[in-house]
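Everything below concerns the one structure shown next.
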Amino acid sequence: MRVRSYKTEGIILHRVNLGEADRILTILTKHRGKLRCIAKGVRKPTSRKSASVELFNRTSLFLVKGRNLDILTQSETIENFPRLRTSLKAAKAAYHVAELVNLLTAENQENVKAYESLTVILRIINDQGHATRRQIADFEKDLLIELGFGSPRQTSFSALTQFIESIIERR
C-alpha cells in the first residue's frame, strides 16, 4: 500500500510566490532531505499556516504526495529564530547559510547531519545577532565534507570561498 501523506520536520530555505495566494517552498527536512512543496493559500491574510512557513523557521510539516510537487496541508512552528528577522547582520548570515544549503544539497537525499548543522548555525546567529566569519567558515567546511565535496587544500577564507564557487559554478 502506497502512503499518500506523511509528516516531517524541516527548515524553510527558500520560497517563491505562485499565483495570488500560494507559495512554492524549498525545505531541508530532517529525514527526507531537501524537498519542494506547494503551500496553498498561505499568502491569504486568514491563513493559519503563513506564520509557520516563514524563512528559516524550523517547522513540523504534514504533506500529501502530489503529481509534481507535494502539497503542504498543515504546519506548526517548532523554532522560529526571531532575531533573524530583526537584525540585518543576522538576516544576512542566515540567508547566506540557507542559500548555500539550498545550492549544495540534492533533492530527496536524507542527510540528518546537514540538517542538524543548519539548525545549530541558525541558533548561533539568532542568539548572537550575527555570526563571525570563523563560525560561518566552520559551518561551510562541515557542510562540504558532510555532502561529500571534501574541503579546499588551503585553509584561508578566500580558498574556501573559491572552492564553494567552483562547486556551485557562480559567485
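The values are calculated or read from the model by the stated rules, or taken from the named source; none is laboratory data. Quantities reported herein were computed from a predicted structural model and do not represent experimental measurements. Neighbour counts are summed over all protein chains in view; Cβ atoms, including those assigned to glycine, are modelled from backbone coordinates with ideal geometry. To get the accessible areas, we keep the full protein, side chains included, count just its heavy atoms, and leave off ligands, DNA and RNA. Shrake-Rupley method; radii C 1.70, N 1.55, O 1.52, S 1.80 Å.
Here are a few things to note about the model shown:
- Test set (1) surrounded by 21 or more Cβ atoms within 10 Å (Cβ to Cβ); (2) at pLDDT below 90; (3) not charged (D, E, K, R) - Met1 fails condition number: (1)
- When restricted to residues that are part of a loop (DSSP other than H, G, I, E, B), under 15 Å from Thr29 (Cβ atoms) and over 16 Å from the mean Cα position of the chain (by Cα), region 51-82 contains 2.
- Cβ-Cβ contacts under 6 Å between residues 6 or more apart (or on different chains), taken from a first residue in region 95-122 that is closer than 15 Å to Ala137 by Cα to a second residue that is open to solvent by 50 Å² or more (accessible area, probe 1.4 Å) and in a helix (DSSP H, G or I), are listed as Ala114/Glu146; Ser117/Asp142.
- Here the condition is being touching a residue at least 24 places away in the same chain (Cβ under 8 Å) and open to solvent by 60 Å² or more (accessible area, probe 1.4 Å); of Asn57, Asn80, Asn68, it holds for Asn80 alone.
- Top-ranked residue of region 147-166 - restricted to ones that are part of a helix (DSSP H, G or I) and hydrophobic (A, V, I, L, M, F, W, C), ranked as most open to solvent (accessible area, probe 1.4 Å): Phe157
- Residue in region 117-131 that is over 19 Å from the mean Cα position of the chain (by Cα) and open to solvent by 50 Å² or more (accessible area, probe 1.4 Å) present: yes
- Cβ-Cβ contacts under 9 Å between residues 6 or more apart (or on different chains), taken from a first residue in region 3-23 that is touching a residue at least 60 places away in the same chain (Cβ under 8 Å) to a second residue that is open to solvent by 70 Å² or more (accessible area, probe 1.4 Å) and part of a strand (DSSP E or B), are listed as Ser5/Thr73; Glu9/Ile78; His14/Arg36.
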